[in-house]
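Colleague: Supplied in structure tokens, the structure appears directly below.
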Amino acid sequence: MNTHKDDQDFWNIVYSILFIVFCFILVKILIIVRGSLPTSIPFFDLVLIILATFRLTRLFVYDKITRFVRDLFFQSNEIYTEEGVTYFAKKERMHGPLRTVYELLTCPWCFSVWASTVVVFFYFVTPYAWLPILVLAISGIASLFQIFANMLGWAAENGKIKASGK
């Protein structure tokens, strides 16, 4: 029997339950703040929320600026010290609650569920959230343009290599 898998299954269930509790708390706060649950959303705002969630997900899962957050959940071991410089090896944690957090922070599908929950909550609870959502949405569009530009550049480079016969 694989105890690491059993341990990880336990922590995955714990975090799933925490997410459900988190959602219930957010719904309760929404009801307290607004008096009822929202029943509709304008299409333009929905597009902004989708783009903001996309950008927030890329920010935490892929971007260098938030690598320090992901690194908190790696396991670091000192390898050796040479000329006053200490070298470390980073490896994924094999089990436990930190492994589950690491998996959430490195999986865009997993993280986007949490990110969308937070974005939607703040959209409905305060009008002040609209500006950060707009900024994230614009940044999300810029990210998409950059991704497509990179794909076009790679396709062009591959086309040149094939045409030159290398």
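The values are calculated or read from the model by the stated rules, or taken from the named source; none is laboratory data. Quick caveat: nothing in here was measured; it's all calculated off a predicted structure. Cβ placement follows ideal geometry from the backbone for every residue including glycine, while neighbour counts extend to all protein chains displayed. Side chains are part of the model used for accessible areas, which takes the heavy atoms of the whole protein and leaves out ligands, DNA and RNA. Shrake-Rupley method; radii C 1.70, N 1.55, O 1.52, S 1.80 Å.
Colleague: Report the accessible area of residue 25, computed with a 1.4 Å probe over the heavy atoms of all protein chains in place, in Å² rounded to the nearest 10.
Modeller: Number for this one is 90 Å².
Colleague: Please give the residues of the range 52-76, grouped as numeric ranges, whose backbone N is less than 18 Å from a label point set 7 Å along the Cα-to-Cβ vector of residue 130.
Modeller: 52-53
Colleague: At R0 = 30 Å, how high is the FRET efficiency between residue 145 and residue 82 if r is their beta carbon distance? Nearest 0.05 is fine.
Modeller: For residue 145 and residue 82, the calculated efficiency is 0.10.
Colleague: Computed FRET efficiency, Cβ-Cβ of residue 33 and residue 66, R0 35 Å: what is it to the nearest 0.05?
Modeller: Plugging the Cβ-Cβ distance into 1/(1 + (r/R0)^6) gives 0.75.
Colleague: Using a probe of 1.4 angstrom, how much of the accessible area of the chain is carbon and sulfur, in percent?
Modeller: That fraction is 70 percent.
Colleague: Which value in deg cm²/dmol, rounded to the nearest 500, describes the helix-derived mean residue ellipticity at 222 nm for the chain, given -39,500 (n - 2.57) per DSSP H run of n ≥ 4 and division by the residue count?
Modeller: -24500 deg cm²/dmol
Colleague: Additional query: Any chance you could list the semi-axes, whole Å, largest first, of the equivalent ellipsoid that the Cα gyration tensor gives for the range 53-122, using √(5λ)?
Modeller: Equivalent ellipsoid semi-axes, largest first: 30, 14, 8 Å.
Colleague: Return one quarter of the surface area of the convex hull spanned by the alpha-carbon atoms of the range 4-67, equal to its mean projected area, in nm².
Modeller: Mean projected area of the Cα convex hull: 6.8 nm².
Colleague: Note down the Stokes-Einstein diffusion coefficient of the chain in µm²/s, whole number, using a Kirkwood radius over alpha carbon pairs, 20 °C, and 1.002 mPa s.
Modeller: The Stokes-Einstein estimate is 111 µm²/s.
Colleague: Here is a further query. Would you mind working out the accessible area per residue for the chain, using a 1.4 Å probe, and quoting it in Å²?
Modeller: Accessible surface, normalised per residue, equals 70 Å².
Colleague: Which helices, taking whole DSSP H runs in the chain, have alpha carbons extending 15 angstrom or more along the helix axis plus mean Kyte-Doolittle at least -1.0?
Modeller: Membrane-span-like by this criterion, though nothing is claimed about a membrane: 3-34, 43-61, 108-125, 130-164.
Colleague: While we're here: Lysine pairs in the chain with Cα distance under 25 Å, only those 8 or more apart or on different chains: how many are there?
Modeller: 4
Colleague: Right, something else. Leaving ligands and nucleic acids out of the surface, order 72, 134 by accessible area at 1.4 Å, largest first.
Modeller: 72, 134
Colleague: Another question, then. What span do the alpha-carbon atoms of the range 93-166 cover on each of the three principal axes, reported in whole Å from largest to smallest?
Modeller: Principal-axis extents of the range 93-166 (Cα, largest first): 58, 39, 12 Å.
Colleague: If the rule is a partner Cβ under 4.7 Å, which cysteines in the chain fail it?
Modeller: Among the cysteines of the chain, those whose Cβ sits 4.7 Å or more from every other are 23.
Colleague: Here's another thing I want to ask about it. When only the heavy atoms of the protein chains count and the probe is 1.4 Å, how do 157, 83, 103 rank by accessible area, highest first?
Modeller: Ranked from most to least accessible, the order is 83, 157, 103.
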